[in-house]
Amino acid sequence: MLRKILISLLILMTAGLAVLTVHAQETNPDFPSDNDVNTIAKQLYCPVCPNTPLDVCETQACKDWRAQIKSQLAAGWTEEEIIDYFVEQYGERVLAEPRRSGFTSLVWLLPVIAALLGVVIVWQILSTWRTAHAEAAVPLTTEQQISQEILAQIENELREID
Amino acid sequence: MLTDVGLLALVLAFVLGVYATLASYYGGRTNQDTWVESARNAAILTFPLLTISVFAVVYALYALDFSLAYVADVSSRAMSPFLRVTALWGGQQGSVLFWAWLMSGFVMVVLLRKWERDRELMPYVIAVAMLTTAFFIGVVVFITNPFTRMWHFPGAAELTMAIFQPAGAMPYIPEDGSGLNPLLRHFGMIGHPPTTYLGFTGFVIPYAFAIAALITGKSSGDEWIRATRRWTLVAWIFLSIGLVLGGRWAYDVLGWGGFWGWDPVENAMLMPWLTGTAFLHSVMMTEKRGMLKKWNMVLIILTYSLALFGTFITRTGVISSVHAFSKTALGPAFFGFIGLTFLGSLSLLFARWDTLKSDHQLESFLSREAAFLLQNMLFLAITFAVFWGTVFPLISELVTGTKITVGPPYFKRVTGPLFAALVLLMGIAPLFAWRKQAVRKLGKAIWVPFAASLVLSGVWGYAHRMHPAVYPALWLVTFVVLAILMEFWKGVRARIRGRGESPWVAFQKLIGRNRRRYGGYIIHLGVVMIALGFIGDAYLKSETQGTLQLGESLQIGEYSLRFDSLDYYPGSDGREVLEATTSLFKNGELVTQLNPRRDYFVVQQQPVTIPGVYSTAAGDVYALLVGWEEIGFQSSTFKIYINPLIGWTWLGGLVMILGTLIAAWSPSRDREGATYTLKPRQASLSYLAGD
């Protein structure tokens, strides 16, 4: 029983929201304008031409698709509904921005991982270089002494030759 | 007749290219100078031979010899003689020949100049450079030959393509050609391919020297870097010009109100530029500190492979569809060659890994070395993000069978923060000292530009307050510019005080005495200007679209566009022009007349939308004619973009060229070696440590 009430409430709320949005849109006398259409078309790619956003595509097919968006907006469809409709009809390739779920999420994830990994690697390398510097500095004093001993010896031998 | 000579020259060039590769390698291996000498002559001769071949194609394009399939494809009677000549790089066959020709030109110039100085490296420089050149000539000869003719077998439905007359076939010569793709008939597209190709092919010189250094085992020194530094800069600036011209072309011709669309073809050009820029910087670490020797090798191999990859993507169209790959033998041939180049070079590098000992020592995380390393990492991360986004549709199609699009939102979101970090680094890294930077000194050096930039960008950002991100973006740009200008000011001031020079003389001498450094700063200023264009594109752009009756106006911001008339007339080059006359008003006052057009190319059945643009220092008003009433021309649909800051992009390109000229200009021969080398502090004693 409780479930039924909840569901009906939910339906009522959604319906109410839909009415509200439609109402809000209807207050603008020009709705749907070309700009409203372009806002949505911008997020879509032409389903048939290579790499062309729908809002700038010039083919007749794209003009028809834009007209379709316009009539859908006029019929009260929301932005998400229209985009979902296009994905369902023509596949995921119409989305300008790849989805963040499933296999496609890899396109977003990998560069982030790569950049983080890059930072870690740079940090590691710098640390090793700093250690190398510190280590190189320590034995230097003893090496210098040895070299002075050798120098003294050489000077002695040179004197003997003279 | 001339085409036969061209074909003959092409085949000869291929034979000589293969011979030069083999002979120089053999001569180098067996220490026989006569073989190397002979290979060098063969390599030099390749260029004049290819020049004959290129001339034959250009002449056929100009004289409209439609018996050649290539001419029939890209040239036509309606095209102006100038356009016919540029059709050399308007299609696949011509552009691959053009590529090979430019590369052989680079090789020839290097061989004529550098012969005595790097005698040991030379055999392998010739071998590596000529291997690539021979590959490209081979592709032209066997796969995509511009001298191919069309033949018709009696009764056959389709034409046969062959160089020589097949038995029983009649030559087919069409009345007219289909002509150059209308989109390519623009000054940007006329200058863009040659400059881009010069950039791509130019990288063969540092690459060949690097591989030669690896083969001879002379890679521990940095002779190969010194010998090729200027070549790298030349290749890099041509690639940069190519990128800017490509952007300008897109802006003027493609009609979507922007200059960079993150299209696969654009990305293919950007990637070698990114790694090439990283390489230009990392070689400084080797020259000054003897560091990053292996890394330089990795970067030049990557840059060169990506340049080949760029040609592969643009010429095969593999990214837009997997099926384009095997349409001709070009795809597999290229793919194989890139794989060979990349893997072969890397395995050679690993075989020589131990010879590339560097002196890696560092005193502080806050040092020029650390900044360089971070900068290299950022360039590589951006390259990876661009590469991944470019090839991902292909991977997705292969793995899941779903075609997807990776559009500008991905590239902007992923590379945006990384580019911002790079720009910031560009401002502060030049202030860092080698080895160790004292925090207090750094604070002293940057507080003036920092404070000034906060104030300036606050005011500037307020003028553009459309998006909150405008403030940090403009701050970044202002800060970097001020930090760079501060460097100039400090240098000039020191000269004025120390030597009593006048400010102008001090400024000139400052740059003249230290061309690399100050040329580099000027290039950085150019980069910041281009960044401004991108900031405008990302945050400040606005657009509107509307259908107007004659006399009506469309409002956007402080501008309004009035539709005055629409006219139709036949234009040149076989196009029908539909041109709108509109008046642009700013706050009610007439500023200018704009004529957005729609050119329809009848033969190709292709429309081209040409914008009407009003440019000011603050930004462009960019109007497009996107629709019209067919009968009576009483109403038209216009789209208007306001593109703030976009003019900076083109100016930035010019400033980059200026900076490169200063940095690459050789003052005089004897001073060439006079750049200082900073050895590790204990270098003179370090040999004892190992004893």
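The values are calculated or read from the model by the stated rules, or taken from the named source; none is laboratory data. Not measured: the values here are computed from a predicted model. With ideal geometry, Cβ positions are generated from the backbone for all residues, glycine too; neighbour counts draw on all protein chains shown. Accessible surface areas use protein heavy atoms only, side chains included; no ligands, DNA or RNA. Shrake-Rupley method; radii C 1.70, N 1.55, O 1.52, S 1.80 Å.
For region A:52-103, the candidate set comprises residues that are of a type in the set (Ser, Thr, Tyr) and part of a helix (DSSP H, G or I); within that set, the residue that is farthest from the chain's Cα centre (by Cα) is A:71. Residues in region A:63-80 that are out of contact with any helix residue (DSSP H, G or I) (no Cβ under 7 Å at 6 or more places or on another chain) and open to solvent by 40 Å² or more (accessible area, probe 1.4 Å): A:63, A:64, A:67, A:68, A:71, A:74, A:75, A:77, A:80.
Looking only at region B:260-272, filter to residues that are away from every other protein chain (no Cβ under 12 Å) and open to solvent by 10 Å² or more (accessible area, probe 1.4 Å); which one of those is farthest from residue B:412 (Cα to Cα)?
So the first thing to find is which residues in region B:260-272 are away from every other protein chain (no Cβ under 12 Å), and the list is B:260, B:268-272.
Retained after the next criterion (residues that are open to solvent by 10 Å² or more (accessible area, probe 1.4 Å)): B:260, B:269-270.
On the way: B:260: 11, B:269: 17, B:270: 14 Å.
Out of the qualifying residues, it is B:269.
Restricting attention to region A:81-105 and to residues that are open to solvent by 40 Å² or more (accessible area, probe 1.4 Å) and farther than 23 Å from residue A:50 by Cβ, the residue that is farthest from the other protein chains (Cβ to nearest Cβ) turns out to be A:81.
I want to confirm something. Restricting to region B:639-691 and keeping residues that are at pLDDT 90 or above and open to solvent by 40 Å² or more (accessible area, probe 1.4 Å), which single residue is nearest to the other protein chains (Cβ to nearest Cβ)? Per the criteria, the residue is B:650. In this structure, is residue B:10 within 24 Å of residue B:170 (Cβ to Cβ) and touching a helix residue (DSSP H, G or I) at 6+ places or on another chain (Cβ under 6 Å)? No; evaluated as a whole, the condition is false for this residue. Within region B:628-654, residues that are without any contact (Cβ under 8 Å) to a residue 24 or more places away in the chain and over 15 Å from residue B:477 (Cα atoms) have Cβ atoms under 6 Å from residues that are open to solvent by 10 Å² or more (accessible area, probe 1.4 Å) and assigned to a strand (DSSP E or B) in these pairs: B:629/B:635, counting only partners at least 6 apart in sequence or on another chain.
Rundown of residues vs (1) at pLDDT 90 or above; (2) more than 30 Å from residue B:576 (Cβ to Cβ); (3) open to solvent by 50 Å² or more (accessible area, probe 1.4 Å), yes/no style:
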position	(1), (2), (3)
B:53	yes, yes, no
B:60	yes, no, no
B:80	no, no, no
B:91	no, no, no
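Of the residues making up region B:257-289, those that are out of contact with any Pro (no Cβ under 7 Å at 6 or more places or on another chain) and not in a helix (DSSP H, G or I) number 5. With respect to the stated conditions, residue A:118 is at the interface with another protein chain (Cβ under 10 Å from one of its Cβ atoms), more than 19 Å from residue B:408 (Cα to Cα), open to solvent by less than 50 Å² (accessible area, probe 1.4 Å) and out of contact with any strand residue (DSSP E or B) (no Cβ under 6 Å at 6 or more places or on another chain). Looking at B:605, B:555, just one residue is within 14 Å of chain A (Cβ to nearest Cβ), under 31 Å from the mean Cα position of the chain (by Cα) and without any contact (Cβ under 8 Å) to a residue 24 or more places away in the chain, and that residue is B:605. Are any of the residues in region B:315-337 modelled with pLDDT of 90 or more, under 29 Å from residue B:218 (Cα atoms), more than 14 Å from every other protein chain (Cβ to nearest Cβ) and buried (at least 17 other Cβ atoms within 10 Å of the Cβ)? Checked against the condition, which is being modelled with pLDDT of 90 or more, under 29 Å from residue B:218 (Cα atoms), more than 14 Å from every other protein chain (Cβ to nearest Cβ) and buried (at least 17 other Cβ atoms within 10 Å of the Cβ), region B:315-337 yields at least one hit.
For region B:214-249, filtering for residues that are surrounded by fewer than 22 Cβ atoms within 10 Å (Cβ to Cβ) and free of Cβ contacts under 8 Å to residues at least 40 places away in the same chain leaves 1. For region B:363-376, the set of residues classified as surrounded by fewer than 22 Cβ atoms within 10 Å (Cβ to Cβ) and at the interface with chain A (Cβ under 8 Å from one of its Cβ atoms) consists of B:363, B:364, B:365, B:374, listed by residue number. All conditions but one from (1) open to solvent by 20 Å² or more (accessible area, probe 1.4 Å); (2) more than 7 Å from every other protein chain (Cβ to nearest Cβ); (3) assigned to a helix (DSSP H, G or I); (4) touching a Leu at 6+ places or on another chain (Cβ under 9 Å) apply to residue B:344; the one that does not is (4).
Residues are listed down the side, and each one gets a yes or a no for (1) among the hydrophobic types (A, V, I, L, M, F, W, C); (2) open to solvent by less than 20 Å² (accessible area, probe 1.4 Å):
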residue	(1), (2)
B:118	no, no
B:134	yes, yes
B:146	no, yes
B:152	no, no
B:161	yes, no
B:177	no, yes
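A search for C-beta distances below 6 Å between a residue of region B:347-370 that is outside any helix (DSSP H, G or I) and any residue that is open to solvent by 70 Å² or more (accessible area, probe 1.4 Å), counting only pairs 6+ apart in sequence or on different chains, returns B:362/A:130; B:363/B:436; B:364/B:436; B:367/B:436.
When you look at residue B:443, is it over 30 Å from residue A:87 (Cβ atoms) and open to solvent by less than 20 Å² (accessible area, probe 1.4 Å), yes or no? No; evaluated as a whole, the condition is false for this residue.
Would you mind stating whether residue B:448 is over 21 Å from residue B:644 (Cα atoms) and either open to solvent by 30 Å² or more (accessible area, probe 1.4 Å) or touching a residue at least 40 places away in the same chain (Cβ under 8 Å) (or both)? Yes: the conditions hold for residue B:448.
Within region B:11-38, the only residue that satisfies the criterion of being within 34 Å of the chain's Cα centre (by Cα), more than 27 Å from residue B:54 (Cβ to Cβ) and open to solvent by 80 Å² or more (accessible area, probe 1.4 Å) is B:25.
Number of residues in region B:385-415 that are at the interface with chain A (Cβ under 7 Å from one of its Cβ atoms), crowded, with 22+ Cβ neighbours inside 10 Å and under 17 Å from residue B:302 (Cβ atoms): the value is 1. Any idea how many residues of region A:39-51 are surrounded by fewer than 24 Cβ atoms within 10 Å (Cβ to Cβ) and part of a helix (DSSP H, G or I)? Final tally of qualifying residues: 2.
Each row is one residue, and each column tells you yes or no for (1) under 18 Å from residue B:646 (Cβ atoms); (2) more than 14 Å from chain A (Cβ to nearest Cβ); (3) without any contact (Cβ under 8 Å) to a residue 40 or more places away in the chain.
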{"residue": "B:506", "(1), (2), (3)": "no, yes, yes"}
{"residue": "B:518", "(1), (2), (3)": "no, yes, no"}
{"residue": "B:523", "(1), (2), (3)": "no, yes, no"}
{"residue": "B:548", "(1), (2), (3)": "no, no, no"}
{"residue": "B:563", "(1), (2), (3)": "no, yes, no"}
{"residue": "B:582", "(1), (2), (3)": "no, yes, no"}
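With the structure loaded, tell me whether residue A:26 is more than 12 Å from chain B (Cβ to nearest Cβ), at pLDDT below 90 and over 27 Å from the mean Cα position of the chain (by Cα) or whether it fails that test. Even if it seems obvious, please write down each step before you answer.
Working: more than 12 Å from chain B (Cβ to nearest Cβ): yes; at pLDDT below 90: yes; over 27 Å from the mean Cα position of the chain (by Cα): yes.
So residue A:26 passes the test.
Could you pull out every one of the strands (runs of 3 or more DSSP E) wholly within region B:557-632 that has 3 or more residues that are open to solvent by less than 70 Å² (accessible area, probe 1.4 Å) and of a type in the set (Val, Ile, Thr)? Full working, then the answer.
Details: elements: B:559-570, B:575-586, B:589-594, B:597-601, B:606-610, B:612-615, B:619-628.
Ranges flagged: B:575-586, B:606-610.
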